[in-house]
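Comments concern the structure below.
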Amino acid sequence: MQRTYDALVSHARTLTAERGLSGFTVEELCESVGISRRTFFNYFPTKEDAVIGEHDVGFPEEEKHEFVARGEGDHVGLSPTLLSDIARLVIARARQNDFTRQRHQLFRDILRAEPHLLAKLMAIGESQQRDFVRLVADREHLPLDDPLPKAVVGVTLSLTFQTVDEFFSDDNTCSFEEILKRNIAIAQHFFGQPLDLTDPTGTS
């Protein structure tokens, strides 16, 4: 089943990048994979869903359970391995999602052919961000309306997006993990500064 799913997603993305969604039929997609139309609808309700690939978003349940469990134990304040465990999650998702320059270019071609898919991808991203906030809140035993999980996820996503931009730059020679670790270290150095908002001129 997973092999069929992966084949449908791969072929749907390639066909969309080359022809646009209206440039091929479900029947053509099924023929390229070697399945029936009925089988296709056992996996996806539409061609759009096949292009996006629902299994490509979010964290697997096993990873989520492990992430929350690693926050257990006697400690005051944040769990001591929260930063490291979040970094592991981000790196694991990058690896599992085949985070390559070729895949990145493929999605650029897809969005160029079908720009309306951007709204759907953004909606999925927002949903995933809410799930991430809930995951951090669960681990740290905090209510969902506590500002800490939202701030943690916001900073994490900002560093991740910056890492993605650098990773796919033409002159990059570093791995995704190397760039992410460097950007986290920079953030740690920056946020380690004391915060003093008094008027430096002394005139208030």
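The values are calculated or read from the model by the stated rules, or taken from the named source; none is laboratory data. Given the structure is predicted, the values throughout are model-derived calculations rather than measurements. In this analysis, Cβ positions are derived from the backbone assuming ideal geometry, glycine residues included, and neighbour counts consider all displayed protein chains. When the accessible area is computed, the model is the full protein with side chains, heavy atoms only, and any ligands, DNA or RNA have been set aside. Shrake-Rupley method; radii C 1.70, N 1.55, O 1.52, S 1.80 Å.
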Inset, instruction - Could you order Glu18, Glu140, Glu28 so the one with the most accessible surface comes first? Probe is 1.4 Å. - result: Glu18, Glu28, Glu140
Legend entry - Radius, Kirkwood style, for the range 101-204 when every pair of distinct Cα atoms is counted (Å): 16.9 Å
Legend entry - Partner aspartates and glutamates for Lys181 [C-alpha distance under 17 Å; skip if fewer than 8 residues away on the same chain]: Asp85, Asp165, Glu166
Inset, instruction - Would you calculate, for the chain, the mean residue ellipticity at 222 nm contributed by helices, counting each DSSP H stretch of 4 or more residues as -39,500 (n - 2.57) and dividing by all residues, to the nearest 500? - result: -21500 deg cm²/dmol
Inset, instruction - Treating the angle as unsigned and between 0 and 90°, give the value, to the nearest 10°, between the Cα long axis of helix 101-113 and the longest Cα principal axis of the chain. - result: 70 degrees
Legend entry - Within the chain: Cβ-based charge dipole about Cα centre, in debye rounded to nearest 20 (Lys, Arg +1; Asp, Glu -1): 460 debye
Legend entry - Between helix 176-191 and the chain: long-axis angle, C-alpha atoms, 0 to 90°, nearest 10: 30 degrees
Inset, instruction - Can you tell me the relative contact order of the chain? Whole percent, Cα pairs under 8 Å, sequence separation 6 or more. - result: 21 percent
Legend entry - In degrees, nearest ten, helix 147-167 long axis to first principal axis of the chain (Cα): 60 degrees
Legend entry - Solvent-accessible area per residue for the range 63-181 (1.4 angstrom probe, square angstrom): 61 Å²
Inset, instruction - Roll a 1.4 angstrom probe over the protein heavy atoms and tell me the percent of accessible area of the range 126-192 that is carbon or sulfur. - result: 57 percent
Legend entry - the chain: C-alpha gyration tensor shape, a/c 1.5 cut-off, then a/b vs b/c: prolate
Legend entry - the range 70-163 - percent relative contact order, Cα under 8 Å, separation 6 or more: 26 percent
